[in-house]
Amino acid sequence: MGKLILIAVLMMVVIANIEGTTEVAAGTAVLVGSNPNEEDIDGGFSSLDGMLQWAIGHSDPGVLKERSEIAQRMSLEELSNRQTELKELMEKLKMPSDAQLMLIAVNDLDNSSLPLEHHRRALEELLVLVEHIDNAIDLQKLGGFSVLIRKLDHSEPEIRTAAAWVLGKASQNNPIVQKQVLELGALTMLMKMMKSHTTEEAVKALFAISALIRNNLNGQNLFYQKAGDMMLQEVLSNSNLDIRLHKKSLFLIADLAESQLENENTVEVSFFSNQLLLKAMVDSMASSDLDLQEKALYAIKNILLLRSTKVLLFKDYCKLNEALERTRKQLQQFMVDDDLREYATDVESLRKEVELTFLQKLDKVTQAAL
Ligand SMILES: *[C@@H]1O[C@H](CO)[C@@H](O)[C@H](O)[C@H]1NC(C)=O
């Protein structure tokens with residue numbers, strides 16, 4: 001689609017530039033030379049956007065109109081020459097493939113003699129490109145992931161952050177990429193980045209961690225081995241941290257519990273019985289942010305559904321009873337507000353569900369004790 005628009009725009013430019021062919025040719029020559037080592041790449045178009053901007057910038061409507069009038073006055077021979085030129089140009093105008101663009105970006109990223117600005121731009125381009133699952137797999141074939149993972153250690157937080165973001169995007173719903181990125185040791189580095197003083201770095205690191213271990217049992221086991229419970233507990237217990245980190249943590253826990261529900265017969269994981277973590281989750285229900293409350297409730301519900309969960313821990317240590325009651329009252333207050341009523345009602349029904357699951361589980365334990 002983008003290519004079609006671009007070609008259409010370029011055709012307009014070509015027709016408009018009856019006398020100024022050299023200008024177009026100069027522009028396109030750069031396009032064609034997709035050799036990453038050629039210096040003129042810098043002056044050329046590093047992206048479709050760049051080309052489009054250039055083409056639009058060169059197509060003043062007034063000039064276009066005037067020139068199309070000239071075109072009408074052209075002789076048949078002239079017109080035919082123009083058509084041949086146009087055809088040649090279109091042939092030269094082979095767009096670089098995504099794989100070529102990724103190769104250029106990876107080479108730039110790997111070239112330490114290039115200024116930081118180039119690395120930043122390469123990461124931005126990769127971020128867009130890896131959104132396509134095929135590209136993410138091609139990037140693996142190009143050896144792009146080891147280059148990216150090395151950047152997680154970069155001295156500039158901005159570069160580390162962007163590299164984590166690309167890795168997370170590429171790993172999302174992509175078991176092949178997840179496997180390679182895990183094998184290259186990214187998880188430990190990303191977990192280290194969670195201690196960053198830069199919010200954005202921690203946010204992107206957590207995003208990447210989640211993407212890397214989602215629906216991936218090997219990744220999850222590695223996360224448990226590397227004390228992922230402590231990492232998340234520290235996030236949840238730190239009220240100074242950005243709320244996005246709290247939400248992402250709760251979301252990840254809910255996701256892990258769901259995965260554990262499906263595999264409970266094979267392994268028991270101490271992660272879900274870490275009482276500090278459970279308490280931090282229950283405490284986060286006290287937030288006045290409905291979205292956060294909802295995520296906390298959902299994660300707690302999933303954990304309560306696990307057979308191995310010690311419900312008394314929730315009752316005695318985490319004071320889940322009290323927390324649920326406090327949340328009920330708070331939600332009722334939200335319901336008075338027209339804007340919040342609907343959302344608060346949804347969260348309240350989730351809260352009731354959690355309460356019911358909790359009481360049933362408690363009942364079973366008390367019955368068994370009698
Ligand atoms: C790294 O970039 C410099 C400066 O553009 C260039 O001269 C050099 O050839 C590049 N190295 C590689 C391995 O591409």
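Would you mind telling me which numbered condition in (1) on the phi > 0 side of the Ramachandran plot; (2) at pLDDT below 95 ILE104 fails?
For ILE104, the exception is condition (1).
Quick one: how many residues across segment 182-218 are among the aliphatic types (A, V, I, L, M) and in a loop (DSSP other than H, G, I, E, B)?
Filtering segment 182-218 down to residues among the aliphatic types (A, V, I, L, M) leaves 182, 184, 186-187, 189-191, 193-194, 202-203, 205-206, 208-209, 211-213, 217.
Then keep just the ones that are in a loop (DSSP other than H, G, I, E, B); that gives 184, 194.
Result for segment 182-218: 2.
Here are some conditions: (1) in contact (Cβ under 8 Å) with a residue 40 or more places away in the chain; (2) loosely packed, with under 13 Cβ neighbours inside 10 Å; (3) not basic (Lys, Arg). THR327 meets all but one. Which one does it not meet?
In the conditions (1) in contact (Cβ under 8 Å) with a residue 40 or more places away in the chain; (2) loosely packed, with under 13 Cβ neighbours inside 10 Å; (3) not basic (Lys, Arg), THR327 misses (2) alone.
Restricting attention to segment 94-120, which residues are away from the ligand (no atom under 12 Å from the Cβ) and crowded, with 19+ Cβ neighbours inside 10 Å?
LEU101, MET102, ALA105
So which of LEU89, LEU114, LEU109, LEU101 ends up being touching a His at 6+ places or on another chain (Cβ under 6 Å) and more than 27 Å from LEU252 (Cβ to Cβ)? Spell out the reasoning first.
Working: LEU89 fails: touching a His at 6+ places or on another chain (Cβ under 6 Å); LEU114 fails: touching a His at 6+ places or on another chain (Cβ under 6 Å); LEU101 fails: touching a His at 6+ places or on another chain (Cβ under 6 Å).
The match here is LEU109.
Within segment 99-150, which residues are charged (D, E, K, R) and over 19 Å from the mean Cα position of the chain (by Cα)? Full working, then the answer.
We begin by selecting, within segment 99-150, every residue charged (D, E, K, R); these are 108, 110, 117, 120-121, 124-125, 131, 134, 138, 141, 150.
Passing the criteria: ASP108, ASP110, GLU117, LYS141.
Any idea which of (1) among the β-branched types (Val, Ile, Thr); (2) surrounded by fewer than 13 Cβ atoms within 10 Å (Cβ to Cβ); (3) closer than 28 Å to ASN240 by Cβ is the one VAL282 doesn't satisfy?
(2)
Quick one: ILE243 ticks every box in (1) exposed (fewer than 15 other Cβ atoms within 10 Å of the Cβ); (2) at pLDDT below 95; (3) closer than 20 Å to PHE207 by Cα except a single one, so which number is it?
(2)
Would you mind finding the one in THR266, THR345 that is among the polar types (S, T, N, Q), surrounded by fewer than 16 Cβ atoms within 10 Å (Cβ to Cβ) and over 29 Å from LEU217 (Cβ atoms)?
On the way: THR266 fails: over 29 Å from LEU217 (Cβ atoms).
So the residue among THR266, THR345 that is among the polar types (S, T, N, Q), surrounded by fewer than 16 Cβ atoms within 10 Å (Cβ to Cβ) and over 29 Å from LEU217 (Cβ atoms) is THR345.
Of the residues that make up segment 258-266, is at least one among the small types (Gly, Ala, Ser) and farther than 22 Å from LEU312 by Cβ?
Restricting attention to segment 258-266, the residues satisfying the condition of being among the small types (Gly, Ala, Ser) are 259.
In the following step, the residues that additionally are farther than 22 Å from LEU312 by Cβ were identified as 259.
Yes, there is a match, as at least one residue in segment 258-266 is among the small types (Gly, Ala, Ser) and farther than 22 Å from LEU312 by Cβ.
Please state which one of LEU313, LEU305, LEU340, LEU292 is buried (at least 18 other Cβ atoms within 10 Å of the Cβ) and not aromatic (Phe, Trp, Tyr).
The match here is LEU292.
Test ALA344 against the criterion of being farther than 23 Å from GLU268 by Cα, free of Cβ contacts under 8 Å to residues at least 60 places away in the same chain and out of contact with any Lys or Arg (no Cβ under 9 Å at 6 or more places or on another chain), and give yes or no. Write out each step before concluding.
Values: farther than 23 Å from GLU268 by Cα: yes; free of Cβ contacts under 8 Å to residues at least 60 places away in the same chain: yes; out of contact with any Lys or Arg (no Cβ under 9 Å at 6 or more places or on another chain): yes.
Criteria met by ALA344.
The values are calculated or read from the model by the stated rules, or taken from the named source; none is laboratory data. The shown structure was predicted, so the numbers you read here are calculated from the model rather than taken from an experiment. Backbone-built Cβ (ideal geometry, glycine too); neighbour counts: all protein chains shown.
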